Amino acid sequence: LSNMSEADLAAVPGFAVKRPGVGKVEWEGAVDVRGADLDRIVEIEFQDVAVYTLDEEEGKKPPVGSKLNRPAILTFYNVFPKKGGASATQEDRDKFARKVEKTTSKIGADLISYDRNI
């Protein structure tokens, strides 16, 4: 990003922020990242992603559809049932997959996929 022009930063296609082994956020379409302090704006923690938390608290969050306040695809790594972890039984994995689907639906999001066999 540091080598991009202002014009290029105004419409970055396929923009993503990743935290290895934890997760990533991929925004749909071209995104305006001019002046974005990504360390402040995007928080990727185990099983949780937050965008603009501090700006929202301060009343500075951009309107929906602008900057990074727009649709994105969230990917989480190493998410397993509490019971058994990565070596959980297939029954526990199936139960956990249903919980992931229910939780995703509850927050108004669409579940693209959950691989219970990893």
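The values are calculated or read from the model by the stated rules, or taken from the named source; none is laboratory data. Since the structure is predicted, the reported quantities are computational estimates derived from the model, not experimental observations. All accessible areas refer to the heavy atoms of the entire protein, side chains included, with ligands and DNA or RNA removed. Shrake-Rupley method; radii C 1.70, N 1.55, O 1.52, S 1.80 Å.
Please verify whether Leu9 is more than 15 Å from the chain's Cα centre (by Cα) and on the phi < 0 side of the Ramachandran plot, treating the condition exactly as stated. Yes; evaluated as a whole, the condition is true for this residue.
Collect the residues in region 96-118 that are closer than 13 Å to Val79 by Cα, part of a helix (DSSP H, G or I), over 17 Å from the mean Cα position of the chain (by Cα) and not small (Gly, Ala, Ser), keeping them in residue-number order. Scanning region 96-118 gives Phe96, Lys99.
On the given criteria, is Gly21 at pLDDT below 95 and open to solvent by less than 30 Å² (accessible area, probe 1.4 Å)? Considered against the rule, which asks whether it is at pLDDT below 95 and open to solvent by less than 30 Å² (accessible area, probe 1.4 Å), Gly21 comes out as no. Scanning region 44-69 for residues that are open to solvent by 70 Å² or more (accessible area, probe 1.4 Å) and within 15 Å of the chain's Cα centre (by Cα) gives Glu45, Phe46, Gln47, Asp48.
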